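Everything below concerns the one structure shown next.
The values are calculated or read from the model by the stated rules, or taken from the named source; none is laboratory data. Just so it is clear, the model here is predicted, and its values are computed rather than measured. Positions of Cβ are backbone-derived with ideal geometry, glycine not excepted, and every protein chain shown enters the neighbour counts. The area values use the complete protein model at the heavy-atom level, side chains included, leaving out ligands, DNA and RNA. Shrake-Rupley method; radii C 1.70, N 1.55, O 1.52, S 1.80 Å.
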Amino acid sequence: MADPLTASTVDTTGKAKAKDTKGIKDIEGIEGAKGAANAGGGPGARPGEWRSAARRRAGTPHAAAGSGRARLRWIVGGATLAVLAAGAVLLPWLGGLDERVLDYGAVRRPPSAEHLFGTDETGRDLVLLAFAGLRVSLLVAVLCAVISTVFGAVVGAVSGAVGGWTDRLLMRVVDTINAVPHLLLGIVIVALYRGSLTAVVASIALTHWTTVARIVRSEVLSLRQRPYIDAAISGGSSRWRVVRRHLLPAVVPQAAISAVLLLPHAVWHETALSFLGLGLPPHMASIGNILGDGRDAVLLGAWWIVTLPSVLLVVATLAVSGVAATWRDRLVPRRRSELAL
Amino acid sequence: MAGRRLLFAVPVLALVSAAVFALGALSPFDPVKQYYGVQIFNASREDVDRVRAELGVDDPVIVQFGRWAGGLLTGDPGHSRSFRQPVADVVGERLPWTLLLVGVALAVAVLVALLLGVAAAWRQGGWLDRVVTAVGHALEGVPPFVLALGAIAVFALGLGWLPVAGLTDAGAEASAGQVARHLVLPALVLGVSQSPWLVLHVRQSLLSALAEDHVTGARARGLAERVVVLRHALPTALLPFVTLVGARVPELVTGAVLVEEVFSWPGVASAVVKAALSVDFPLLAALTLLATVAVLLGSLLADVASALLDPRVATDG
């Protein structure tokens, strides 16, 4: 009678012990992973350190993940962006591209030594054309991002600083604009004011300021509680002076990040509009125009016409958002755990 | 709650229709010139004046808006010039196809998100997680039309597995088999282009759910890993996911516009492009309002769903 009993107690204590140590190891694992995330190296990799013998469980990260990756993202993103920008400025210039010169003797040539990525259906070299398109797209995007950020920041600052009915009204307007899909509103604007750069810029800027307005407003609302604002008000500053002198400078970093984060959106929006034939005028070879023109060519088997522009578009978008995400993580650390890039 | 939210939708819709109409009224576009096209140079002065009077373009803007809004309310949103059909007929004919496409795409996106997101969070830092995260971030930067062109080039032209575009083969009846074969590519492209946000969100919220106390408690009670993840962590992680799916409706509409256009899918979203290219104001305005209704409905349904799923969610606000 006694034997199985003792045996079972021994067994259970053994199990309990095993569980205990496993629990401790797990905790260590979590701590270790946290340390790794902070230090970047990872104590798990150091020789002589204890390694977790426990079964891996869901949700415990590898020790390797850490700030090394963020650094890599920053370097790779920045370098790619620099290369693309240099290419966009220099290549069309060095190659002597004139978008309006067509060469019907060299239509839809496949990639060769002379034309590295082939020619489009009007005989223009695709390397030069795609980089020229990237330049147009990036310029339009920067313009839109700046306009919508400035507009959004002003609306957000006014809304947050004035409060009351103005605030409520402005936020309802923001809600209403957000209730219409942005591309659709953009299409309506572009359709009615067709065929100019202004229409495209307006269509993008008018639909994208709402995000910035929200961010700036919430920032202003939280800044209003700070002692230095109280001090300024007690010192007799007017509302306008408080806004200009204390609130606006404090929201500049946030607004600048939003501007950079808006860039990929703006590129995306412009490209989509041009692709649908509603965007920039056809003689401006933006990426969207090239892709839109190349759509029928794809059906004829000329896949190379859309390859390079698409790759450039995707790489540029990713590079911009990579740089922007790193910047945001440095400036606003509490958002690090949220969706990056 | 639903009643209050529906009440909120009324001013939004009124504001959107007024704004769209104002955009139309302010634009340099002239409906009479469009009515005539090139023949305006041959038309006699009296004819043009008669058409102007019939179309009512010389009335004050507010009168025109009243006429148009009244038409909308009584169920007559006008006549589409680009389709040469009443707007109501255009929408009625095309809406089911769009709903089919968007529904299937959304199902694909949600399914992909749940499977990959859970798998990635389960083994955080493993090879699957790294692949899913990297591909997800990369796909966020790929516009749907690039994805669609790539899919056409590879699956339709390269491999020849699926048809290039359209609803049926040329001249064929719209039978279930035909439509299903033509639906695969657009629905997959739309679903995949929508999935990265959902996948990354499921992964992230499952990871934070795994760090919560009740999951530690489940582990302390010695439950199997599968039970801990799927029964204890996943349900808490899915609550914000429902809201996210509702909030993604605008992107879904945007994606539908691009995908339908590339695949010549005969839905309302590709009608937007056609209406815009030929400045067909009545159709364009009606479709914009339709999209707004879809967005409001999406967020309303998501809120109702999350209130039903979680009794702690305030049912008013």
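Do you know which residues across the stretch A:193-229 are of a type in the set (Gly, Ala, Ser) and either open to solvent by 80 Å² or more (accessible area, probe 1.4 Å) or touching an Asp or Glu at 6+ places or on another chain (Cβ under 7 Å) (or both)?
Those that are of a type in the set (Gly, Ala, Ser) and either open to solvent by 80 Å² or more (accessible area, probe 1.4 Å) or touching an Asp or Glu at 6+ places or on another chain (Cβ under 7 Å) (or both): none in the stretch A:193-229.
Could you say which residue among B:LEU223, B:LEU162 is surrounded by fewer than 20 Cβ atoms within 10 Å (Cβ to Cβ) and at pLDDT 80 or above?
Going through B:LEU223, B:LEU162 in turn, the sole match is B:LEU223.
Considering only residues of the stretch B:123-135 that are part of a helix (DSSP H, G or I), more than 27 Å from A:LEU291 (Cβ to Cβ) and open to solvent by 20 Å² or more (accessible area, probe 1.4 Å), which is farthest from the other protein chains (Cβ to nearest Cβ)?
The extreme case among them is B:VAL131.
Quickly run through the stretch B:272-282 and pick out the residues that are more than 8 Å from chain A (Cβ to nearest Cβ) and either touching a Pro at 6+ places or on another chain (Cβ under 9 Å) or at pLDDT 85 or above (or both).
B:PRO282
Looking at (1) open to solvent by 40 Å² or more (accessible area, probe 1.4 Å); (2) in contact with a Cys (Cβ under 8 Å, 6 or more places away or on another chain); (3) of a type outside the set (Phe, Trp, Tyr), find the lone condition where A:VAL252 falls short.
The single condition A:VAL252 does not satisfy is (2).
Could you list, in sequence order, all residues of the stretch B:56-87 that are more than 13 Å from B:ALA285 (Cβ to Cβ), among the hydrophobic types (A, V, I, L, M, F, W, C) and part of a helix (DSSP H, G or I)?
Selection gives B:VAL61, B:ILE62, B:VAL63, B:LEU73.
In the list A:GLY152, A:GLY133, which residue meets the criterion of being part of a helix (DSSP H, G or I), modelled with pLDDT of 85 or more and surrounded by 21 or more Cβ atoms within 10 Å (Cβ to Cβ)?
Going through A:GLY152, A:GLY133 in turn, the sole match is A:GLY152.
Only residues in the stretch B:142-153 that are closer than 20 Å to A:ALA319 by Cβ and facing another protein chain (nearest Cβ under 7 Å) count as the first member; pair them with residues that are of a type in the set (Ser, Thr, Tyr) and open to solvent by 10 Å² or more (accessible area, probe 1.4 Å), Cβ under 7 angstrom, at least 6 apart or cross-chain, and list the lot.
B:VAL146/A:SER310
Output yes when any residue across the stretch A:173-192 is assigned to a helix (DSSP H, G or I), more than 14 Å from chain B (Cβ to nearest Cβ) and at pLDDT below 85, and no when none is.
There is no residue in the stretch A:173-192 that is assigned to a helix (DSSP H, G or I), more than 14 Å from chain B (Cβ to nearest Cβ) and at pLDDT below 85.
Can you tell me which of (1) free of Cβ contacts under 8 Å to residues at least 40 places away in the same chain; (2) open to solvent by less than 50 Å² (accessible area, probe 1.4 Å) is the one A:VAL127 doesn't meet?
Of everything listed in (1) free of Cβ contacts under 8 Å to residues at least 40 places away in the same chain; (2) open to solvent by less than 50 Å² (accessible area, probe 1.4 Å), A:VAL127 misses just condition (1).
Going residue by residue through the stretch A:310-330, is there one that turns out to be surrounded by 24 or more Cβ atoms within 10 Å (Cβ to Cβ) and touching a Phe, Trp or Tyr at 6+ places or on another chain (Cβ under 6 Å)?
no
Report whether or not B:ALA105 is in a helix (DSSP H, G or I), touching a residue at least 40 places away in the same chain (Cβ under 8 Å), more than 14 Å from chain A (Cβ to nearest Cβ) and over 19 Å from the mean Cα position of the chain (by Cα).
For B:ALA105, the condition - in a helix (DSSP H, G or I), touching a residue at least 40 places away in the same chain (Cβ under 8 Å), more than 14 Å from chain A (Cβ to nearest Cβ) and over 19 Å from the mean Cα position of the chain (by Cα) - is not met.
From the list B:ALA120, B:ALA138, which residue is at pLDDT below 85 and in a helix (DSSP H, G or I)?
Exactly one residue qualifies, and that residue is B:ALA138.
What's the number of the condition A:VAL298 fails, among (1) facing chain B (nearest Cβ under 10 Å); (2) among the aliphatic types (A, V, I, L, M); (3) over 23 Å from B:PRO250 (Cβ atoms); (4) within 22 Å of the chain's Cα centre (by Cα)?
In the conditions (1) facing chain B (nearest Cβ under 10 Å); (2) among the aliphatic types (A, V, I, L, M); (3) over 23 Å from B:PRO250 (Cβ atoms); (4) within 22 Å of the chain's Cα centre (by Cα), A:VAL298 misses (4) alone.
Restricting the search to the stretch B:179-212, which residues are of a type outside the set (A, V, I, L, M, F, W, C), more than 14 Å from every other protein chain (Cβ to nearest Cβ) and open to solvent by 40 Å² or more (accessible area, probe 1.4 Å)?
Listed by number, the list holds a single entry, B:ARG181.
Which numbered condition in (1) among the hydrophobic types (A, V, I, L, M, F, W, C); (2) surrounded by fewer than 16 Cβ atoms within 10 Å (Cβ to Cβ); (3) not in a helix (DSSP H, G or I) is the only one that A:ALA285 fails?
(2)
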